[in-house]
Structure formats: structure tokens, C-alpha cells
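Please read the structure below before turning to the comments.
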Amino acid sequence: MADEFQQLACVPGCQLDDGWFVLDQDSGRTVAVAGPGDIYRAGLVPREFGGCGEALPRLDPALEARLTAGLHERARERESLAWLAERARGPLALGIDDPMLWLASRSGRTSIARELSEEDPLRLFWSAGGRALHFLKHLSKSNIDTANLVAVDGVACCRTVIGIQDPRTTSILFDALGSLRRKTGLAWVAAVARQLGYVAKEGVKSAVPMAADDLTDATFDSAETWVTDADTYGLLGPQVKCRTYLVDGAETYGLRDLVGKLDIGADFGVETRELSDRWEVTATVSYTLHVDLKKVQLLPLVGVARAAEQA
Amino acid sequence: MSLVVSGPGTGPLVRSKADPSPNALRTLRALLQRRPDLRELFTQFRTGNRPVEWLRDMLTARVAVELEDLRFEEVLEVCQ
């Protein structure tokens, strides 16, 4: 009660400073603080037996609807969590606040986002697996001389949307936090790879355009790792594909040796919001890419769409 | 590192270490409605710029007798 008064600056349960507490009958806790702007006065309304009367003030219908929907949502959530915990009781014996059930509740989903926000962004980057690793091995984590390198600032963003239509269909074995971690790292690396392609396109003017029909595996021998988009990827042979990092919308370019350094900004942030049946998590971080364009081999291709169609 | 939570009905309004039972909370609110001397404590708390522990202790001392069904720790928690 004392904490409530200190934080909300009203006498609990009483009108003071033109504000009212709206209490939850079940929990006894405050679910909203209504001010004068949240009160709806209908004015004069007709009486059943004729004439008019002043209607009693009531909560603004929009606020009332939100509170009602919120209460309904919480009750539904409690029921679903208990059902899920009961279903898993045999092998796992879960409590309703078990992290395995986080995805099924609003507070749990916030906990997942909080855990993600407490991650080290550098670790998220470098923990990206798969072909992203082929790309990352060309960038240094440690301090190298960046005096002669081109510096590019950018923002890497990963937006994940997860459907939360029916909590009872939540798979308790799905590791939502682990999935977000991996997806965030991969999306960030893809953003950096795409950015590097743009920089190379602007900076490397000596690259000679090549017809996509003329591509052979030997074309790709000059670099260790290649980055390309989906259309070009389909034209590659299996030996080249296994060292090619596929990034949607990226220019086609190759990398050899260490091409530069990646610095991660300190402004890593996570934003989470829920709209109807969608849960959105957006993880953003700024970065600076120091790159030696001499080690980036741009391959400007023409006729990719036609070649992809014929392939 | 930052976390932004947005959307309808996000998070509790009041953050507290205490987790009182709904019944105790409802009983204390009913007491506050009935007793002006308790409400006066809140005014003193604000005008005197006192620490939140002061309000908790003063409330506890005054309502503990009336909340005889609760253990003292529970009364302390609901007043917190």
C-alpha cells in the first residue's frame, strides 16, 4: 500500500488530486488510475417514464473496454497456463511461472524480451552460425589498424513476429529465447553483409559487368567466401554454393583474407509490443564497419533474372 | 542496453517487493475507506516528505489489531 501511494501519489481507494484508482476485484490491486479526462458524462438522458435526467458519471467507454479486455485476457491466460502446466505434469512437472511456459503469458513474453535485452550484442553477432560464420571470419573482433580502411556506420535491426492467437497451442518445448538469440544474430550479420555490398558497389568502380549466362565455377575461384542474393545463388554450382552466404537483396561479391573490422555500438535496444494476436520483438544495434575495399571483389552481374528463369 | 515494452495493458502499475494476498489487500482498502485517521497518515507522508518505510510502519501499527486473522508478517507485507 505504501509503495502504491509513493508511486501513484494518491490515497489508495480515495479520491485525491482529481484522480481515482480503478481496482481489480479479484486481486485487490490497482489496474488503472483514472483522471478527469477519463470520466465520461453522458449529460441529460431520457427517463423511462418521460422527462430527462442527468446521467451519473462513468469511466470513459474506451478505458472501460480496455480494462475489461485486459481482465478477460489475464483470466484466459491464467487458465491456459494452468492447462499447459497440467498437460506437461507427467514428464516435466512445470509450475505456471516456469520459463518453458513464458511464451504463453504476457509477463513471460516480456521476460523473454528482457533476457534478450540483457545479452551482450557482440556475443549475439558472433554466435551466428551457418553460412554467416563464413562471412564473419573475414572480419576481426580485435583491434587492428583502421587508418587506411573505409569506415561505414550502420544500424542492424531484427524484427521477429510470433503469433500468439491461442496460448494453449504453445509448444512448451520451443525455446523462444534461444530462437530469438540465434535469429537476431543472423539478421544482424545479414544486414552488415548487405551494407558491405552497397559500399563495395559505390566504392569499387573497376569491376567489369558480367553476363549471368557466362558464370562458371572458375569465376568464383578468386575469393574464399561469396555473398549473393537468391537469384544468383540458384545459378551456382554445388562446390561454390557451400562457401556462399545467401543474403536477400545483397550485391554479389567475394571476400578473401581479413577484410576489416566490425565495431558494435553501445546502444543495443530491444522493443517488444503486442497487438491483438501478434507479438513483435525488435532488436536494434548500431555498428561501424571498417573495410579494405581492395579485398572485396565485386561481381556485377547482368541478366540474372533471365538466367534464373532458364535454369 | 534498453528494453521498451509497449502495447495495451503492459506491466503492473506498481512495482513492489511485497506480494500481499488479495484478501488482505481488499480488507486494508476497506479500512482506509472507513477510517479518516489512516488517510491522514498519507497526507502526513506527503507533506512531511517521509520515507516509504515510515508510512508502512505507521499503517502496520494501526491496522494490525483489526487484521487479526493475518500474521504480523502478512500485515507488514500488505502495508508495504
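Read the figures in this text as sums done on the coordinates, not as results from a lab. Treat the numbers as computed from the prediction; the structure is a model and nothing was measured. All Cβ positions, glycine included, derive from the backbone under ideal geometry; neighbour counts span all protein chains shown.
Applying 0.36 nm per residue to the separation of A:L44 and A:N148 and subtracting their alpha-carbon distance, the gain on full extension is 29.7 nm. In a fully extended conformation the segment linking A:A266 and A:E73 would gain 65.8 nm over its present Cα-Cα distance, using 0.36 nm per residue. With both labels modelled 7 Å from their Cα along Cα-to-Cβ, the A:K141 to B:R50 distance reads 5.5 nm. Taken as Cα centroids, the stretch A:277-311 and the stretch A:110-181 sit 17 Å apart, rounded to the nearest whole angstrom.
For chain A, the antiparallel share of DSSP beta bridges with both residues in that region comes to about 85%.
Each part reduced to its alpha carbon centroid, the stretch B:31-80 and the stretch A:35-74 end up 33 Å apart. The gain in end-to-end length when the A:R256 to A:D217 segment is fully stretched comes to 12.4 nm, 0.36 nm per residue minus the alpha carbon separation. Averaged over the residues of A:262-272, the number of partner chain Cβ atoms lying within 10 Å of the residue Cβ comes to 2. Take the Cβ atoms of A:R66 and A:T288, set R0 to 45 Å, and the FRET efficiency comes out at 0.60. Exceedance of the 25 Å cut-off in Cα-Cα distance is limited, within the set A:K183/A:K295; A:K183/B:K17; A:K201/A:K261, to A:K183/A:K295; A:K183/B:K17. Counting only helical runs of four or more DSSP H residues, what would the 222 nm mean residue ellipticity of chain A come to if each run contributes -39,500 (n - 2.57) and the total is spread over all its residues? Mean residue ellipticity, 222 nm, calculated: -10000 deg cm²/dmol.
Which log10 I(q)/I(0) values, to two decimals, does the stretch A:2-72 give at q = 0.11, 0.17 Å⁻¹ under the Debye formula with one point per Cα? Taking Cα atoms of the stretch A:2-72 as identical point scatterers yields -0.36, -0.73. Remark: spin-label model distance A:E202-A:V161 equals 3.0 nm, labels positioned 7 Å along the Cα→Cβ axis.
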